[in-house]
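Novice: Take this structure first; my questions come after.
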Amino acid sequence: MTPSMRRHAAAVKRIFRTPLDAGMQHTPPKRLPHRCWTGYRNQNGRRGSVLAGFRLGWMTAVLAAMLCVFPEAGPAQTAETLRVATIQRAPFALRENGGWTGFSIELWKALGNALGVTTEFTEFETFPEMLAAVQAQDVDAAVANISITHSREQVLDFSQPIYDSGLLILKPINDAPSVLKTVLNPDLLIWLGSAFLLLILFGNLIWLVERRHQSFAEDGYSKGFSEGLWWSINVVTNASFTIFTPRTWAGRMLAYSLIVIGLFIVSAFVAQITTQLTVGQLRSQVDSYQDLRNKRVGTTEGSTSARFLQQEAIVHTTYPTIGGMFAKLESGDLDAVVHDAPILSYYAQTAENGAFTTVGRVFQPEKYGIALPQGSAMREDIDQALLLLRENGTYEAIRRRWFGN
């Protein structure tokens, strides 16, 4: 009993310690039998007054009422602090101005207010690590963009769904290669360098076999070689002798050989350019996940999108963090990424220069929930609080703040 309670109890005892008949003389009414007033014996075998029983009852009632009137007499109540895991997944969970915000974070804070608890957020680097912490009961819950799946439900508990989602594809907007970019392709540059060395060789050879004739007789090696190189380029591009006609038998054989080789060089060059442009154009055409089979596709480890790509036999690369996945897309190492639709849409809207866009429709519908350890006693309370937030409009206000109408 607290000091305040002891003071109130002592006051009541002083009030009721004095007998009711002190200083007064009571006589039972004549019309009632005497046993009505002295008709019971107490625990010591002595006769007691009925009025004394009334007095004991009134003392008990007054004490109970005082406990209700003076709430400070009870022990102080402190709000329970819950450990909640999360991960950087804008717009569901992200750090801003030194704190956590996002759709899932704000929704959890509203749930905490409804439940009368405080929250201590713990950040994890990867999704598997976060879910493993929930499973091991190192944290009380986890919030982010956590899809409710059969495999996860076997080792975790989930709240009622908090958001309807699905998978989507993100790719660069200007991913079709230009002619300049195609020409500057390393493989094509190596091929062009080899062709130019071949022209240099034929330029030297034609000067060597024709140096005694009129076209080269008065020129030294430097000018003669430049004339021979110019002649080789013209033969390759025009397939004719527009500058001079070789006079020697060896010169003519070189000229005929260069014409044939030139046809091959020009044809191969045009084919290379066409192939690069065609492949690039085909690579940029992505309208659904069926178009990803010959693309460089990325996603994150342990995600529902990784499992979907594996089930569809689509070759892909997984990354530990979503930031690493986006970095590879920005650098051009990936043609497209597959992930949760709200996250990719948010990234496309906030990316610098609007360089990325989502394509196709949402596929593989999913529902997000709050992950809890198996057998969590909070599950029912959280579900009831979620229903309350939906009914009083709090949920819809949070959703519109992050996703609009």
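Any read-out appearing in this document is the output of simple, stated calculations on the displayed coordinates, not a laboratory observation. All values reported here derive from a predicted model rather than from experimental measurement. Using ideal geometry, Cβ is built from the backbone for each residue, glycine included, and neighbour counts are taken over all protein chains shown.
Novice: Give the separation of the Cα centroids, region 328-379 to region 137-176, in Å.
Specialist: Going from one Cα centre to the other spans 9 Å.
Novice: Through the Karplus equation 6.51 cos²θ - 1.76 cosθ + 1.60, θ set to phi - 60°, convert the phi angles of region 144-150 into ³J(HN,Hα) values in whole Hz; use x for Gly and Pro.
Specialist: Karplus values, whole Hz, x for Gly and Pro: 4, 9, 9, 6, 7, 10, 5.
Novice: Using the Karplus curve 6.51 cos²θ - 1.76 cosθ + 1.60 with θ = phi - 60°, work out ³J(HN,Hα) for each residue of region 226-233 in order, rounded to whole Hz, and write x for Gly and Pro.
Specialist: Using θ = phi - 60°, the values come out as 4, 5, x, 5, 4, 4, 4, 5 Hz.
Novice: Which whole-Hz couplings ³J(HN,Hα) result when phi for each residue of region 189-199 is put into the Karplus expression 6.51 cos²θ - 1.76 cosθ + 1.60, θ = phi - 60°, listed in order with x for Gly and Pro?
Specialist: 5, 5, 5, 5, x, 5, 5, 5, 4, 5, 5
Novice: List the residues, sorted by chain then number, that are 5 or more residues from residue 90 or on another chain and whose placed amide H is less than 5 Å from its amide H.
Specialist: Amide H neighbours of residue 90, under 5 Å, 5+ apart: none.
Novice: Work out how much length residue 271 to residue 117 would gain on full extension: take 0.36 nm times their residue separation and subtract the Cα-Cα distance, in nm to one decimal.
Specialist: Working: separation 154, 0.36 × 154 = 55.44 nm, distance 6.87 nm.
Extra length from residue 271 to residue 117 when fully extended: 48.6 nm.
Novice: Which net charge results for the neighbourhood of residue 366, defined as the other residues with beta-carbon distances under 10 angstrom from its beta-carbon, given Lys and Arg at +1 and Asp and Glu at -1? Mind dumping the intermediate values first?
Specialist: Details: positive: 367; negative: 164, 340.
In short, -1.
Novice: For residue 350, project a label point 7 Å along Cα to C-beta. Then give me every residue of region 376-405 with its amide nitrogen under 12 Å of that point.
Specialist: Output list for this probe position: 402-403.
Novice: Moving on. Is there a quick way to get the dipole size of region 166-365? I mean about its Cα centre, with the Cβ of Lys and Arg at +1 and of Asp and Glu at -1; what is the value in debye to the nearest 20?
Specialist: 500 debye
Novice: A follow-up question, please. Can you check what the net charge comes to around residue 341, using other residues whose Cβ is under 11 Å from the Cβ of residue 341 (Lys, Arg +1; Asp, Glu -1)?
Specialist: Charge balance near residue 341 sits at -2.
Novice: Same structure again: Give me, ordered by chain and number, the residues 5 or more places off residue 82 or on other chains with an amide H under 5 Å from its own placed amide H.
Specialist: Sorted by chain and number, the residues that satisfy this are 118, 119, 120.
Novice: Can you list residues from other chains, or at least 5 along the same chain, whose modelled amide H is less than 5 Å from the amide H of residue 319?
Specialist: Under 5 Å from the amide H of residue 319 lie the amide H atoms of 299, 300, 301, each far enough along the sequence or on another chain.
Novice: Also, quick follow-up: Any idea how far apart residue 204 and residue 380 come out in nm if each label point goes 7 Å out from Cα toward Cβ?
Specialist: Roughly 9.2 nm, to one decimal.
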